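The values are calculated or read from the model by the stated rules, or taken from the named source; none is laboratory data. Note that the coordinates shown come from a computational prediction; the quantities given were computed from them, not determined experimentally. Cβ atoms come from the backbone with ideal geometry, glycine included; neighbour counts cover every protein chain shown. Side chains included, ligands, DNA and RNA excluded: accessible areas come from the protein's heavy atoms. Shrake-Rupley method; radii C 1.70, N 1.55, O 1.52, S 1.80 Å.
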Amino acid sequence: MKNLLRLSARLCIFAVTMTLVAMSLFGQAFYGTVVGTVTDPSAAALRGAAVTLINAGTQERRQAQTDVSGAYQFSNLVPATYRVEVELAGFKRAAVPVVEVSVSATIRADVVMQLGDVTQSVEVSAAAPLLQTENASLSQAVNTRAVQELPVNGRNILNLAALVPGVVPQGSTEGNAITGKNVFAAGNYQIGGGIANQSATYFDG
């Protein structure tokens, strides 16, 4: 009896631990990251530059300083539009006015500081890179207009996953789990060349 109680207690502890680990991992999948390097006109790294990240919608501010290699990083960011401002004595204040952070993406916003007074300012306009080289994750948010206006066959909301590059629907999506017809087709997709029927769906993280 004692052995059975001990085994049950261990299983309960294991289940709770795995749940907490899973929650922390899934929670990270939603957030994005902004990274960058601050340099002078000669491409030399600038250490100790004050970097401010501003959420354009909420005006929330986060601050960091560049390290010895001139690099900075802001992680766990809610997907939104941000502004990056950089200040350092002896240089004009620089800003990247529009930095779009999407789900699970790592966005690079490098800044080249120009010599001058800190009261002067320079805004940097940078085009979005064609390739994301910071990590191997791919993500895309389907916007509200697409959800509201695009026709969805059989009211299967998972059909919208096919809007994301690299996602290939497998089989038909007729019917639903209620009727018992074609139960497994509703979420059957190949993602990034992976095996079909290997996807997972999470609601609210």
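Points worth noting:
- Region 171-204, subset at pLDDT below 70 and open to solvent by less than 60 Å² (accessible area, probe 1.4 Å), residue nearest to Tyr31 (Cα to Cα): Ser199
- Close contacts from region 23-36, counting a first residue that is within 24 Å of Gln65 (Cβ to Cβ) and a second that is modelled with pLDDT under 85, with Cβ to Cβ under 7 Å and a gap of 6+ residues or different chains, come to Gly32/Ser102; Gly32/Val103; Gly32/Ser104; Gly32/Ala105; Val35/Glu134.
- Single residue of region 104-147 satisfying the filter (over 30 Å from Gly193 (Cα atoms) and either aromatic (Phe, Trp, Tyr) or open to solvent by 90 Å² or more (accessible area, probe 1.4 Å) (or both)) that is modelled with the lowest pLDDT: Ser125
- Yes/no for Thr37 being among the hydroxyl-bearing types (Ser, Thr, Tyr) and over 22 Å from Ala141 (Cα atoms): yes
- When the residues of region 28-61 are filtered to those that are within 16 Å of Leu115 (Cβ to Cβ) and of a type in the set (S, T, N, Q), the one that is surrounded by the fewest Cβ atoms within 10 Å (Cβ to Cβ) is Ser42.
- Some residue of region 21-39 being of a type in the set (Phe, Trp, Tyr), touching a Leu at 6+ places or on another chain (Cβ under 9 Å) and modelled with pLDDT of 90 or more: no
- Long-range neighbours under 8 Å by Cβ, at least six apart or interchain, first residue touching a residue at least 40 places away in the same chain (Cβ under 8 Å) and more than 12 Å from Val122 (Cβ to Cβ) within region 80-96, second part of a loop (DSSP other than H, G, I, E, B) and open to solvent by 40 Å² or more (accessible area, probe 1.4 Å): Tyr82/Ala56; Leu88/Val118
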